[in-house]
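What follows is one structure encoded as structure tokens, with my remarks underneath.
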Amino acid sequence: MGLFLGGRGGFQASGPPDTVIEMGTFVHGVEGDIFCQSINPKVPYFNAPIFLENKTPVGKVDEIMGPLNNVYFSVKPQEGIKADSFKAGDKFFIATDKLLPKEKFLPKVKVVGPKPPKVTKPGGRGGGRGGARGGTRGGRGAPRGRGGFTPRGRGGARGGGGFTPRGGRGGGFGGRGRG
């Protein structure tokens, strides 16, 4: 008998949320969906559950439309709910944890002024293990010279390139190379 621990999370039908707040008002039905205008300063998550004021589930947010200052959204009603059973102005509600602030969709404001100095640390990818030792610093492999899995340094214009057991970077002890 095995225990199944972990794994992927799934949909948790945990019932209605503790608190719901107004999300939008009914505008009209569209091909079986409920079309609403948002009256909330925040934007709903996709697939966020939508409720009536008494926390009766209505459906899930399907699409979000319009500019940020005039958001509309559609709700895919769950089984047994008909879009044409609502009238204009009917209010729909959402759980407070299913909302995003509008700032999330606006470009970040750039701070004007002096930039803080960048801290440089030794090391980094491929560097900081002894330095170039006389050769050029090189990069990953060279346009000429050896390639593949060689025991000859790791890059630079003096042979090398590929994956090596020595680490380090640059030409250095790469032999004379070809050129």
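Observations, loosely collected:
- Members of segment 16-34 found to be buried (at least 19 other Cβ atoms within 10 Å of the Cβ) and closer than 20 Å to Leu100 by Cβ, listed by number: Val20, Met23, Gly24
- Scanning segment 26-55 for residues that are more than 22 Å from the chain's Cα centre (by Cα) and either part of a loop (DSSP other than H, G, I, E, B) or not assigned by TED's automatic domain parsing to the domain that holds Phe92 (or both) yields Glu31, Gly32, Ile39, Asn40, Pro41, Leu52, Glu53, Asn54, Lys55.
- One residue from Gly130, Gly80, Gly124, Gly89 being modelled with pLDDT under 85, at positive phi and loosely packed, with under 10 Cβ neighbours inside 10 Å: Gly124
- Of residues in segment 35-55 being over 24 Å from Leu106 (Cα atoms) and not charged (D, E, K, R), the one surrounded by the fewest Cβ atoms within 10 Å (Cβ to Cβ): Asn54
- Test: Phe86 is touching a residue at least 24 places away in the same chain (Cβ under 8 Å) and not assigned by TED's automatic domain parsing to the domain that holds Phe26: no
- Qualifying residue in segment 56-70 (condition: assigned to a loop (DSSP other than H, G, I, E, B), surrounded by 10 or more Cβ atoms within 10 Å (Cβ to Cβ) and within 27 Å of the chain's Cα centre (by Cα)): yes
The values are calculated or read from the model by the stated rules, or taken from the named source; none is laboratory data. Predicted, not measured: the structure shown is a model, and the values here were computed from it. With ideal geometry, Cβ positions are generated from the backbone for all residues, glycine too; neighbour counts draw on all protein chains shown.
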